[in-house]
Each structure stands twice: as structure tokens, then as C-alpha cells.
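Inspection log for the structure reproduced underneath, given as C-alpha cells.
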Amino acid sequence: MASPTAPALAPSESTAIALFESESVRGFLAQRATRRAARAHNDGGSWGAAAAEGAAGGVVVVDRDDTVGTALDLFAKHKILSAPMVLRSPADATATLPLGTSTGAAEVAPYRVLNFLSVGDIVRSFIACWEAEEHAAGAAAATGAQPPQCGEADNGYAEDARAADVGSVLWRMGVLRSAGRAFADRMCGDCGTVEDGDMVFSGASDAMPLSQLVRYGLLRWPRRRPAVAPCHRVGVFGSDGSIEEIISQSDIVEWLADNLWKLGNLVHEPVGAISGLISSPAATVSSLRPAIDAFADIERLKGVSAVGIVDAVSGALVGNFSESDLRGMRPQHFPGLALPVAEFLCYKHSWTTAPAPAAGDGPTTPGDTTPIRLSDVAASLPMMVQPSATSHTAAGAASRVPSVPWAGLVRDEYGRALLAARPVLTCSEGDSLGSVITRLAELRAHRIYCVDAVSGKPSGVISLTDVLSALVRSPTETTPAAPATI
């Protein structure tokens, strides 16, 4: 935020690179702690979803031998999207420090950090399992054979497979429920990860400039391997090998918002005039595309971590879908991924009411032997998130009218509800860099879409990775050839 009393800076001092180089990682962490304490005080102690992922001395870790179900329960309990996955050391083991760090200390590490595991990693691994089961279930249903993973204790799923058309929403829900039960018992170590995290030794953080952490930790310049994309978080570990802090891209952008005045005239530059800032075109999916297929699209679009949701008829932007929307997901919620993505988000956030069970649709008490119904699944999705003072109720969402100019072009009812309850973050290419950074920081959003104000069609997107890449790149340096994560 610009400060009217901020001292004038010489051009060489007002560059973004100079700002990042002038701050140490340790100094940045001290500022973050102060900011979080103030926010917790202002929110009456209710703020904690973001802090839980990086609070000093309280970092949540997942054991490699934990089950997927246990990990998802842990993520949901702490309202986090990821955690370091570790291999716990035996009590009598002589463990070594991670990353080959030598400190001269003889501490025994409580665990060895392997990598980061996220909800997205788990869902990606589940999709690979589910696609195989869906194919097998379709073949079984076509021949009248018993569906896979379906035993005497799962009569509800068997009934779904017989009653629902192969490939329908209800049929896919049944397959997802069956696959989810089996997948929940898998070990976390069996899940593939996208290496969305790196590590830095805390002993180096006093002298390490923030620019180095951003360039080589978050952005991973130079790319060690072409397939390794920028990551969203960096863990800071102590001399005993345990994780002390986690620094995310969102943390860096919040720090930038607090120091905008130090960027000089750069904050007034239109985002469309800053080279490499806008990723174009923006990756999008139809509001009618099933959520599980939309998430699979994100995986197939290498270098992309979110997709814009557009109205199936007009192409106008109605929302955003990313790993963040899976916060709180547990195995019992997997059937909901068969819903169209806009509908899934509306139910998940209680922005619309669940459909009433059809007459004669059987018992409504959920259980393993009960046929799966859309009403049951939709009613369970809001449990993925904990209610808060700012959460939207179904009644509140129904009474809200989308305020964006293109709202009248949206034909999908769930797209309209999504746009009314949670307006997607948008800007124009003429908006200033400072205003974009401020909005991203205030909402802790990961991206903002450049949209045509008349048609509502997205022309590009600015992610946190794009912002950091543009600011720490020197005038003679080009962005690495590998695609930026959006």
C-alpha cells in the first residue's frame, strides 16, 4: 500500500530486485510473525487456516506410512492443503540432516523430510486409480457382471451399478465411492507428488536474502530439470532436521503488499505493460465439466495449477477451480467429484441447497448398504469446510445478484450462483501492478484473471508465480523456458 509520507528513492534503490535483496529471510519471518499476530487479534483469534501451515514450532507433518485417509483427516482438521511427508527415525537411530547439510551438531533428527504431500497429490493419485476402476466397472456393467471392489458389504454400490446408466452422474458417484474406500487405505508413500516444495536450512536464513529464496527455492531458477516447475512453498528446517517454518508464495506477496512504496513508480505500471506478467491464454473448462475431469485437465495441462470456469454457452468467466477448492476433502467426499464443477463448488460452500430426495428413492440414512443419491452426496459436501463468520449460507447466496457486467450472459444456474456467492477475482490490462498485488494479498488469492468487461471472456491470468517471476528477474534476464505454474 502506497504511503504518502514514504521517502523518495533513487531509481537504483526502487527496483524490485533491490527490495528483495535488501531483506533477509530471517527478517521476513519476523515481519510475517508480527502481521499474523495482528491479524489473529483483529479476527478475535479465528484466523488460522493460513497460519497453521507455517506456524513456528507447530508445523504439521505426515508420515510416509500413514494411510491416505489419515492424511486427509489431518489436513481437514488443521485446514491445510499440504504438509511435509517424513520418514520418522527410530528412537535409537543416528539420523543425518536433510539435504546434506553439515552443521557440526550431533543432534538426532526426529524424522527425515522426504518431500511435500498435498491434497492435490492425493487426488491426482486417486484419479489414476479411479480411471482404471471406471473402465473396469463400465465393462462389468455392460456384461451384467459384478462391479469391481463390490462385495457383500457394498450392496448399495451394486444397486447403483444396476439402476444407473453407465457413465451417468449417479453411476460415476458409485464408482468413485467404491474406489475411494479402497484408496483411503493406501500408504501416503505410494502417492506420487509433483515436488511442490523445497527446503532451506534455518542456519542460513540470517544471511540469505529473500531474493535467493524466491529465485532458487520458489521459482527454482535455474531449472535443475525441465520437468521441475516452480513450487508454492519452502520449508525451513533446523539443525535437528525438523521443519520450523513454511514460507509460501502467498506469504511473499503479502510482504510485497506491505512494502509497495519501496517499488517506486513500478507500482503504477499497467500490468499489460510489464513483460511476462500475464500468462495468455488462460486455461479454462466449462461449468458443466465434472469436477474430477476438470482436476484431471489441470494435471494434463503441464505447468498449470488452476483453471478458470466459464459458462458453457457464453464463455463468460464464472469462477476458478484449483487444489485450494479441495481443502477439507476426505474419502467420503470423492463421489461429489462426479458433479459438474460449478455445481460441486456451490454445494461444497453451501451456496445452494441440496436437492430433495425423490419420492420412493429408498431410505435416506447414509451407510455402506444404502444406494447412493445426489441428495446425500450434495448434503455432505459442505462438511469439507468448517463454518465461519464469513461463510455464505444457501439463503444468502440465493438473495445475492452477480454484480459483474457480464452476469446476464451466464446461462448455467450454478454458474450464476457461483458468480453471485464468490465473485471471481478479475482485472483489466490497464490496472496497476500495485492494485493487483494489493488485491491478491488482501484476499490471499493465488491468481487474478484479465477479463473483457463486456463479454466476460478471460484473455489471460496473473498468478503469484507470474508476479514473483516478473519482479525478481533482472532487466537482461528472460523467463526460463519451462511454463510458469498458474
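What length, rounded to one decimal in nm, is gained on full extension from Met187 through to Ala132, with 0.36 nm per residue of separation minus their alpha-carbon distance? Each step should come with its number before you reach the end.
Details: separation 55, 0.36 × 55 = 19.80 nm, distance 1.87 nm.
That pair, Met187 and Ala132, stretches by 17.9 nm at full extension.
Applying 1/(1 + (r/R0)^6) with r as the Cβ-Cβ distance of His41 and Leu288 and R0 = 41 angstrom yields a FRET efficiency of 0.40. Counting only residues at least eight positions apart within a chain, or on another chain, the lysines with an alpha carbon under 26 Å from that of Lys302 are Lys457.
Taking the average, over residues, of other Cβ atoms within 10 Å as the packing measure, peptides 252-260, 312-320 rank 312-320, 252-260 from highest down.
Straight-line cross-link reach from Lys77 at under 18 Å between alpha-carbon atoms covers these lysines, not counting any fewer than eight positions away in the same chain: Lys348. Residues in segment 420-425 carry Karplus couplings, in order, of 6, 7, 9, x, 5, 6 Hz; the curve used is 6.51 cos²θ - 1.76 cosθ + 1.60 with θ = phi - 60°, and Gly or Pro positions show x. Annotation: peptides 282-293, 206-217, ranked by per-residue average of other Cβ atoms within 10 Å with the highest first, follow the order 282-293, 206-217.
What ranking, highest mean first, results for peptides 297-306, 72-81, 272-281 when packing means the other Cβ atoms within 10 Å averaged over each residue? Could the numbers behind the result be given before it?
Working: 297-306: 16.9, 72-81: 19.2, 272-281: 15.4.
Most protected by this proxy first, the peptides run 72-81, 297-306, 272-281.
All of the numbers you see were taken from the coordinates with simple rules; none came from a lab. Fair warning: this is a prediction, and the values are worked out from it, not measured in the lab. Using ideal geometry, Cβ is built from the backbone for each residue, glycine included, and neighbour counts are taken over all protein chains shown.
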